[in-house]
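Each remark here refers to the structure printed beneath this line.
Taken together, the values in this text are just the output of simple stated rules run on the coordinates, not laboratory data. Computed from a prediction, not measured in an experiment: that's the story for all the values here. Every residue, glycine among them, receives a Cβ derived from its backbone with ideal geometry; neighbour counts consider all protein chains shown.
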Amino acid sequence: MGRLVIISNRLPVTITEKKGKLSIRPSAGGLATGLNSLKNNYEVIWVGWPGLPVSKAASKKTINSLLQEMAMHPVFIDSSKFNNYYGGFSNSTLWPLFHYFQQYTDFVSRTWQDYKEVNGLFAEKVAKIARKDDIFWVQDYQLMLVPQLLRSKYPRATIGYFHHIPFPSYELMRTLPWRDALMRGVLGADLVGFHTFDYVRHFTSATSRILNYDDHYLGRVRFQNRVVDIDSFPMGIDYDKFAKATHDPEVAKELERYIKETRGEKIILNIDRLDYSKALPQRLRAFDLFLTKYPNYRKKVSMLVILVPSRDTVGRYRRLKEEIDRIVGYINSKYGRISWTPVHYYYRSVKFSRLVAWYKLAPVALITPYRDGMNLVSKEYLACKTDGKGVLILSEMAGSSKELIGALQVNPNNTEAIADALHQALQMPEEEQIKRVRKMQKVLQRNNINYWARHFLERLQEVHQASLTIYEQFFNPKVEKQLLAKYRQAPRRLIFLDYDGTLTNFRSDPALAAPGKHLYQTLSELSQQPENQVILISGRDKETLEHWFGPLPLDIVAEHGAWYKKNGHKWRQYAKLDNSWKEELRPIFNQFTDRTPGSFLEEKNYSLAWHYRKTDPGLAEMRKHEFMDKLSHAIYGKSLQIMEGNKVLEVKNVEINKGTAAKRWLANETWPFILAIGDDYTDEDTFKAMPKQAYTIKVGFNETAARYNISTVEDVLSLLDKLL
């Protein structure tokens, strides 16, 4: 069996210390249950914080010893640093921002620094136990930097990351000062998982807009020298555990007691953890409105509020609890009678048997968070409805709403809609209840917690294989050594070099991309070697290329082949070309330039180019498709073609391309050594024109006809320096 290393903020155990003696018991949480189910196929190892501050060396040694017997490895964190990492950055910055509570978000550089350091501690702990073929699965927002930290140590490792809370829209993500580092950290994984497609869409949008990686297709991103898949995996529950528990004698005993205590009243179950994202005051206000709007339900219906304590020492949470206390008191004083209490309110944790009993008893569950990554309470409630009777009222903002379409879905901000949904739920015929519940139960039975874990790992293996395929095309040291050896042995060498994106990085203004001193010197020395024939083959206009490179002893191809100039000769046209079509198309280019802030028109002798590098990526993507559609109609029947380059659309004569231009040099002589380097779609014609033995190299990791991919412009310049 292979080893699966699970990295989570907290180990799936509870450690207690009493009278100096440590005891450990396993946690019974859903995530721990699901991941431990993988033990049939993997050797499962956990890395995480042990759950309590430990400073004494003897205590650390004891905990290490006890946990290693359970295949767990603790990460010990200084208490001050842990507070900044967990209570600070994780839960006072990421949690509120990712749940759309920007007003509660703290932007504190000190907590960010400790977040980075603690993520580093997790990566270091993993490194101490890691083996070559391990699979690493990083869990949740507290450890967003860990995937990239592991990737830097193990470039070819299998790494997954799952994000258990919502991922916000780009407009919120962009407010975070450390957004780039967090995004790059997550993209260290081969597979990034979310609960719903909405979060996938937000993440890919942020990848495009923040990191400028817009090369994604159906959730697959080519990032650096790898493929990263971004996909949705709705997390399930241990369905059988809850369904079977309804027949447990202890649950039956609790259920019998609750039936007597409620005296025939219908219970609206409202259970959640104390958190501002759960919209708990809003639910109570909706119940208040329900009792006002439908007074005939007074004394017949009660709301049971079970509030699980959470961070109530933090001011914001303490104030939230005080608000809930006030609203409960207000409702009970407004409607209550000696014989009837409208709201039964418990601020405590509930043991499993009592929880299942309440799930079983309550004909209605009201679960309406403002925002929730998934919400497993809604699924647990349905699993306990073994007779099929019950109605779930669910927030459309909860991740589980995408699966539980049989629920009555409401906007959590609309108290009137919630009040009406309560009325609809209480009026719903049993036949309809059973029909809705059974459909949802089928989904939950199939997509349980074990399926979620297994499915994620299966996809992780698939994506990792795709990355390995790309890695095989990587221009690695072994290939470089072979290339340099053949270069030095060859009596004659032909070298084709694109310019923008190959010899220089793209600039927001193309006019600023003039060659620097080092590049100019490199090209000069390379072209002066008597064995070399160097051709600069570019889409730029001939005037710019002449201005920049005219004095160098090399050949130049301009406008993708419309013009060419051999060393020491004048510029010549590829053929007699017509450019009268520009008059007809120029107004279309001007129209889209005017409508698209940040874009501009570049007019060349035999082409028109629309650049949109400085345009907002979302707008650019929309305008590009609209522009291409309009251009396709405009050039129909003409000898023109649309070429899509790196943030540019260009229209030119169909006879012209870099491949046709390159053949002018290939036809005249047999070359023992040929090298062609380019970066975008326009260079694919060059690669296709090269003989099989040529070294063809694509800058970046898009699919290509080139033999090899190389990472960056800087790597290209390093290679050219080595040729010298």
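No solvent, one uniform scatterer per C-alpha: report log10 I(q)/I(0) for segment 565-724 via the Debye equation at q = 0.16, 0.17, 0.18 1/Å, two decimals.
Evaluating at q = 0.16, 0.17, 0.18 Å⁻¹ gives log10 I(q)/I(0) of -1.08, -1.16, -1.22.
Hey, which lysines would be in cross-link range of Lys321, C-alpha to C-alpha under 19 Å, not counting anything within fewer than 8 residues on its own chain?
The reachable lysines, counting only those whose Cα sits under 19 Å from Lys321, are Lys278.
Which aspartates and glutamates have a Cα lying under 19 Å from the Cα of Lys39, excluding residues fewer than 8 positions away in the same chain?
Within reach: Glu69, Asp133, Asp134, Asp238, Asp240, Glu458.
In this model, which of Lys647/Lys698; Lys60/Lys81; Lys517/Lys542; Lys18/Lys61; Lys153/Lys647; Lys360/Lys435 are farther than 27 Å apart at the alpha-carbon?
The pairs that break the limit, which is 27 Å between Cα atoms, are Lys153/Lys647.
For Lys253, go through the aspartates and glutamates and keep the ones whose alpha-carbon is under 19 Å away, minus same-chain ones fewer than eight residues off.
Glu261, Glu265, Asp387
List the residues whose amide H sits under 5 Å from the amide H of Gly2, counting only those 5 or more places along or on another chain, with H placed 1.01 Å from N in the peptide plane.
The list, which skips near neighbours in sequence, is Glu43.
Grab the beta carbon distance between Ala634 and Glu458, set R0 = 56 Å, and tell me the FRET efficiency rounded to 0.05.
Efficiency for this residue pair is about 0.75.
Direction-averaged shadow area of the convex hull around the Cα atoms of segment 239-446, nm²? Before the final figure, lay out the partial values.
On the way: hull surface 43.4 nm².
Mean orientational projected area (segment 239-446, Cα hull): 10.9 nm².
Return the FRET efficiency for the residue pair Arg492, Tyr471: r is the Cβ-Cβ distance, R0 is 22 Å, and the value is rounded to the nearest 0.05.
0.10
What does the highest-first list of 67-73, 287-293 look like by mean Cβ count within 10 Å? Don't jump to the answer; show the numbers that get you there.
On the way: 67-73: 15.9, 287-293: 19.0.
Put in order of decreasing packing, that is 287-293, 67-73.
Can you tell me how much longer the chain between Trp340 and His518 gets when fully stretched, taken as 0.36 nm per residue apart minus their C-alpha distance, in nm with one decimal? Could you put the intermediate results ahead of the total?
Details: separation 178, 0.36 × 178 = 64.08 nm, distance 8.54 nm.
That pair, Trp340 and His518, stretches by 55.5 nm at full extension.
With axes computed from alpha carbons, what is the tilt in degrees of helix 477-489 against the longest principal axis of the chain, rounded to the nearest 10 within 0 to 90?
With rounding to tens, the tilt is 0 degrees.
Can you sort Lys542, Lys439, Lys478 by how many other beta carbons sit within 10 Å, fewest first? Spell out each step's value before the answer.
Working: Lys542 21, Lys439 12, Lys478 9.
In increasing order of surrounding Cβ atoms, one gets Lys478, Lys439, Lys542.
Describe numerically, in nm with one decimal, the distance between label points set 7 Å from Cα along Cα→Cβ at Ser23 and at Arg319.
So the two model labels end up 4.0 nm from each other.
Using the Cα atoms as the points, what is the convex hull volume per residue of segment 411-553 in Å³?
256
The chain: percent of C-alpha pairs farther apart than 49 Å?
Pairs farther apart than 49 Å: 32 percent.
Put a dot 7 Å past each Cα toward the Cβ at Asp594 and Glu432; how far apart are the dots in nm?
In this crude spin-label approximation the distance works out to 5.5 nm.
Points 7 angstrom from Cα along the Cβ direction at Arg507 and Lys582: gap in nanometres?
2.3
State the extension gain, in nm to one decimal, for the chain segment bounded by Val308 and Ser109, taking 0.36 nm per residue of separation less the distance between their alpha-carbons. Write down the numbers at each step before the final one.
Details: separation 199, 0.36 × 199 = 71.64 nm, distance 3.14 nm.
Fully extending the segment from Val308 to Ser109 adds 68.5 nm.
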